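The values are calculated or read from the model by the stated rules, or taken from the named source; none is laboratory data. Keep in mind the model is a prediction, meaning the values are calculated, not measured. Cβ placement follows ideal geometry from the backbone for every residue including glycine, while neighbour counts extend to all protein chains displayed. Heads up: the accessible areas ignore ligands, DNA and RNA and are worked out on the full protein's heavy atoms, side chains in. Shrake-Rupley method; radii C 1.70, N 1.55, O 1.52, S 1.80 Å.
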Amino acid sequence: MVMDPQTQFEQMKEEAFYSMEGLGRLNPEKLDFYVDYLKFQVEHGFYDGDANLNILKLYQFSPDLITRSSIDNVHLVLAKALMRLPNSDYVFCRAQLSQEMIDDNLTKKIDDIATLLETCQFPEFWNVIQEEKIFSEMTGFADSARRFICHVVQLTYKNIEEDFLIQLLGSIDKDQFMEIVAQKNWEHNGDSVFVGHKEEMVEQKEIIEKMPIEVVAPILAIR
């Protein structure tokens with residue numbers, strides 16, 4: 001019987017959780033399982049940050065586990081962590097790397113891409129990720145980037161021009177754009193989009209309270 005990806009993920013996540021209890025976290029015999037689990041996440045769009053971070057910790061505390069393919073696993077962990085912005089997963093993962101791993105060319109490229117996202121250089125971000133297949137082959141990477149961009153846009157603007165927003169989101173087509181607008185519950189108004197909170201659209205009204213003179217008189221009394 002073929003197990004569906006969601007059920008398989010939940011089973012692997014549970015196994016990873018119990019494997020990382022106590023000193024078992026640094027058991028080198030579990031490395032192959034963690035790597036298989038990581039690749040499963042990449043293929044199916046799931047995420048277990050604690051298990052992925054543990055791969056880097058195993059490399060850190062057991063350098064003899066590092067092989068020629070290890071840097072590929074490091075790249076996958078970093079790319080998956082980057083998908084969690086604005087959370088700090090990427091920072092935690094990068095802190096586990098050896099200098100040799102940091103100096104790797106693709107690691108540097110992933111660092112540059114992280115900087116582009118964190119500094120809101122979104123059009124340049126979309127251009128750069130097209131150069132590396134690790135991002136195009138990672139299920140959900142573009143969608144995760146767009147979620148982060150939407151988060152930044154909503155913090156920064158109340159109204160934003162439609163063309164500019166489409167550019168920030170990676171020059172997506174109109175149907176995909178309208179789908180995002182609907183998902184975010186934004187208001188599309190001609191050539192612009194209202195991305196603020198709905199309560200900010202409510203017209204302010206002057207509220208006049210009438211109080212009986214008997215209540216006001218003692219306050220206004222001149223002594």
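Quick rundown of the values:
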{"read-out": "Restricting the stretch 35-67 to residues that are within 25 Å of Met83 (Cα to Cα) and among the charged types (D, E, K, R), the residue that is least open to solvent (accessible area, probe 1.4 Å)", "value": "Asp48"}
{"read-out": "In the stretch 116-147, residue nearest to Gly45 (Cα to Cα) [restricted to those that are loosely packed, with under 12 Cβ neighbours inside 10 Å and among the hydroxyl-bearing types (Ser, Thr, Tyr)]", "value": "Ser136"}
{"read-out": "Any hit, the stretch 58-78, residues being among the small types (Gly, Ala, Ser), under 27 Å from Cys150 (Cα atoms) and outside any helix (DSSP H, G or I)", "value": "no"}
{"read-out": "Matching residues, the stretch 68-96, being at pLDDT 95 or above, of a type in the set (D, E, K, R) and open to solvent by 10 Å² or more (accessible area, probe 1.4 Å)", "value": "Asp72, Arg84, Asp89, Arg94"}
{"read-out": "Where Asp32 falls short, out of the listed (1) open to solvent by 60 Å² or more (accessible area, probe 1.4 Å); (2) within 19 Å of Ala81 (Cα to Cα)", "value": "(2)"}
{"read-out": "Only one of Arg84, Arg68, Arg94 that is of a type in the set (Lys, Arg) and without any contact (Cβ under 8 Å) to a residue 12 or more places away in the chain", "value": "Arg68"}
{"read-out": "Selection within the stretch 114-136 - assigned to a loop (DSSP other than H, G, I, E, B), touching a residue at least 24 places away in the same chain (Cβ under 8 Å) and over 14 Å from the mean Cα position of the chain (by Cα)", "value": "Glu132"}
